[in-house]
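Right, one structure below, let's go through it.
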Amino acid sequence: MAATGSAVMAAATLTNGLAYLVPMLGARHLTAADLGALATVQALVAIAGVAGAGLQTAVAVHRARHPHTSTARVTLGTAAVTAGILVAAIPLIVTSLHLPVEVVTLLVGMTLPVVLAAGWLGELQGDQRFLRLAVGMGVLAIGRYAGVIGGLALGAGLVGSLLAGLVCSYVALPILRLVAGAGAAGIEAPPAGRRAAGGSTLGLRQVSTASSATLAMLVASYADLILARQLLTPAESGAYSVGTVLTKGALWAPQVVTVLALPRMARLDGRTRRAAWAVVSACGGALVLGAALAGGLAFRLAGGQDYAALGGYAPFFAATGAFYALAFVLINAQIASGARWPSVPLWVAAGGLVFVAVFVAPHTFAGIMWTATTAAAAAALALAVIVRASARRRNPTAGPQPVAPPDLAGRIS
C-alpha cells in the first residue's frame, strides 16, 4: 500500500508542479495581455476538466462493481458532449473574455484529450492497478503541460505554445492507451452478497453526478477566495490568498487515500470507508496542529516574510482544508454507493457561505475566514450524518465494526 500510495502521490505532485510552472514561465516570456489570456485558458481548461474528473470517478466505481466491462461508449459520449458544449460556447467565450478565436479553438482541442484519458485512468483505478494509474497520470501530465512549457521556454508565444501543448496532448493518448491496455485478468469480483446496487450499464447520468460533485468541491473551496477579492481591500485580499494556499494544501494532501479507497467503497466495503475517513481525519488533525505550532513559518513559506505576522490565522485556514478533505472522501463514498445527489450538502454549504459572508458576517479578513471554516465544518458534518444513515439503511442489522486500515492498495500491477 505504501508503494502504490507514494506512486500516486508522486504523479499528483508532478501534475500540480507542471501546472504551476506554466504561469511562472508565462510571466517571464509573455506580454501582460498574453499572460492574462494564458491564465484564463488554464482556468477554463480546469473548469472543462470537471467532466474528465467526473468520468474517471464514475468509470472507477463502475469497473469496481463490474470488472472487465467496457466503458468506451460512455467515454466517447462524455467527450462528445463536452466538445459540443465548448464549441457552442466559443462565441460567448471570445466576446465575454476578450480572447482570440484561435486561442479558444486551441482550448477546445486541448480539453478533449483530458476527457478521453479520464476513461482509461478510471479503468485503472477501478481495477486497482494503482502503479499503472500513477504512470498514466504522469503521462497525461507531461502531455498536457510539456508542450506548453517547451513553447514558452523557446519563445513561441501564446498561440505557438498552446499549439505545442495541443500536439503533445494527443501524442500522449496512445502512450496512455498502452499503459492502460494490459489486461485486467485476475481482478477480483465483488464478494457474494456485497455487490452494489445498479445495473451493469454506465451512462452519462452517473458521469454527470460525479462531475457535479467535483464542481461542487471546486466552487466551495474557492468561494471564500473570490469573496475576499470582492469584499476586502486589495492588500487584505492578497493576504487572504496566501492563507488559502494552506487551505488547498490541507484539502489535497490526503487525496491519494480517496483514490485508493474508492474501488473498495464501490463494493460497499464499510471497513474501507471508515478507514479512509480515519486516515483523512488524522492527516487533517496533524496539519492543523502543525499550522498551530508553526503558523508564522507556514505563512512565510506560502507568501514570503511580509505575511509571517498572520501566522495566528494559519490553523483556521488549515482546518477549512481539512474539513473539505473529509467532505471529499464522504462525497466519494456516496458516489460509490450509488447516491443520486451526493453533492447537495456541499452546494448548500457553498450557498450559505456566500450568503453569510455578503449579508451577515463583517467584511473583514477574519470574518470571511471564520465563515469559510464554519461552512466547511457544516458540510463535513452533514455528509457524515448522511453517509452513516445510508450505511445503516443498507445493513440495518450490522453492529459497530472496528476501524482497522484495510489493504487499500489491492492489486499493484
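Bear in mind these aren't lab numbers, they're just calculated from the coordinates by the rules spelled out. Keep in mind that this is a model prediction, so the values were computed, not measured. Positions of Cβ are backbone-derived with ideal geometry, glycine not excepted, and every protein chain shown enters the neighbour counts.
What order do you get for T272, T13, T95 when you list them from fewest to most C-beta neighbours inside 10 Å?
T95, T13, T272
Counting other beta carbons within 10 Å of each Cβ, put V104, V50, V159 in order, fewest first.
V159, V50, V104
About the Cα centre of segment 204-394, what is the dipole size in debye to 20, counting +1 per Lys and Arg Cβ and -1 per Asp and Glu Cβ, all else neutral?
1060 debye
What FRET efficiency do you get for L289 and A27 if R0 is 35 Å and r is their Cβ-Cβ distance, rounded to the nearest 0.05?
Computed FRET efficiency for L289 and A27 comes out at 0.50.
Within the set of other residues whose C-beta is less than 15 Å from the C-beta of L246, count the net charge using Lys and Arg as +1 and Asp and Glu as -1.
+1
Ranking M217, M24 by Cβ neighbours within 10 Å, fewest first, what do you get?
So the residues, fewest neighbours to most, are M24, M217.
What are the ³J(HN,Hα) couplings of segment 16-23, residue after residue, when phi is run through the Karplus curve with 6.51, -1.76, 1.60 and θ = phi - 60°? Round to Hz, x for glycine and proline.
Those phi angles translate into 5, x, 5, 5, 5, 5, 4, x Hz.
From zero outward in steps of 10 Å, how is the percent of C-alpha pairs of segment 2-181 spread across the bins?
Taking every Cα pair in segment 2-181, the percentages come to 10, 37, 34, 16, 3, 0.
Charges at C-beta only: +1 for Lys and Arg, -1 for Asp and Glu. How large is the resulting dipole of the chain about its Cα centre, in Debye rounded to 20?
Charge dipole, the chain, about its Cα centre: 1440 debye, nearest 20.
Please find the FRET efficiency linking R393 to L218, where r is the Cβ-Cβ separation and R0 is fixed at 30 Å, and quote it to the nearest 0.05.
The formula returns an efficiency of 0.50 here.
Mind checking segment 221-320 for trypsin sites (Lys or Arg not before Pro) that DSSP puts in a loop (not H, G, I, E or B) and that have at most 10 other Cβ atoms within 10 Å?
In loop regions of segment 221-320 (DSSP not H, G, I, E or B), there are no sparsely surrounded trypsin sites (Lys or Arg not before Pro).
Calculate the all-directions average of the projected area of segment 204-394's alpha-carbon convex hull, and give it in nm².
Reported value for the Cα convex hull: 10.6 nm².
If you build the Cα gyration tensor of the chain and take the root of 5 times each eigenvalue, what three semi-axes come out, in whole angstrom, biggest first?
Each semi-axis is √(5λ); the values are 32, 29, 20 Å.
When a/c is below 1.5 the answer is rounded, else prolate if a/b is larger than b/c, else oblate, so apply that to segment 290-363 with a ≥ b ≥ c taken from the square roots of the Cα gyration tensor eigenvalues.
Oblate, because a/c is 1.5 or more while a/b does not exceed b/c.
How big is D, in µm² s⁻¹, for segment 46-126 by Stokes-Einstein at 37 °C and 0.692 mPa s if Rh is the Kirkwood radius over C-alpha pairs?
Answer, rounded: 248 µm²/s.
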